[in-house]
Amino acid sequence: MLREFSWQQFLVSAVVLSLLWYGGLIALYYRRELAGLLRSGRFLPDRPPLRLPERERSVALKKEGSAGTAAVPEVMGKPKLPDGVSRVSASDLCFVSEEERRVDQLGLVADVLEELKTIFRTISDRDGTKRDFIKSAGELSERYPGLASHPAIAHINGYVAAHAPFQLNAEELENLWN
């Protein structure tokens, strides 16, 4: 069936259909301009120029730039964020206090805390005692020799006191890493 049409017939029909399509669009969307063109012979719309309402125009004239020229009026104003929402950069986004973040970023402290989590999990799974924990902490202090004199030892001891399944007094916490 397609062999019956020549290229010339195809191109003529494509041009005619395109002219009909764009003619319909012009008649639909630019009918005022088209009427003005047909009436006066020139292509100028008969629309009045857009103006700001009197109140907004006076506000725009009061806002003068540094050079003494009128500033561009803000039609809708500046956007307002919902209550309780603020804009921060991705680098400022943090869910812990500054001190906790600084301590947690240290390599030694993060490694020790991870090992302590494993020890606490093992002790709770095997119903371990305080003696088992002290033995495991001794092995941990041998793996990390500078732990007893580390500046963040108080943070580590606080973690142990908060997460240990048994009570440790201050003396036991001090002697834990020696």
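The values are calculated or read from the model by the stated rules, or taken from the named source; none is laboratory data. Treat the numbers as computed from the prediction; the structure is a model and nothing was measured. Ideal geometry is used to build each Cβ from the backbone, glycine not excepted, and the neighbour counts take in all protein chains shown.
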Per-region count, region 26-52, residues loosely packed, with under 10 Cβ neighbours inside 10 Å, at pLDDT 65 or above and under 51 Å from the mean Cα position of the chain (by Cα) = 1
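Against the definition (assigned to a helix (DSSP H, G or I), under 38 Å from the mean Cα position of the chain (by Cα) and modelled with pLDDT of 85 or more), how does residue 162 come out, yes or no? Can you show your working first?
Values: assigned to a helix (DSSP H, G or I): yes; under 38 Å from the mean Cα position of the chain (by Cα): yes; modelled with pLDDT of 85 or more: yes.
In short, yes.
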May I ask you to verify whether residue 61 is surrounded by 11 or more Cβ atoms within 10 Å (Cβ to Cβ) and either outside any loop (DSSP other than H, G, I, E, B) or at pLDDT 60 or above (or both)?
-> yes
For region 144-173, pairs from a residue that is surrounded by fewer than 16 Cβ atoms within 10 Å (Cβ to Cβ) to a residue that is of a type outside the set (Lys, Arg) and modelled with pLDDT under 80, with Cβ under 6 Å and 6 or more apart or across chains, are 148/178
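Count, please, the residues in region 105-141 that happen to be within 14 Å of residue 175 (Cα to Cα) and exposed (fewer than 10 other Cβ atoms within 10 Å of the Cβ).
Residues in region 105-141 being within 14 Å of residue 175 (Cα to Cα) and exposed (fewer than 10 other Cβ atoms within 10 Å of the Cβ): 1 in total.
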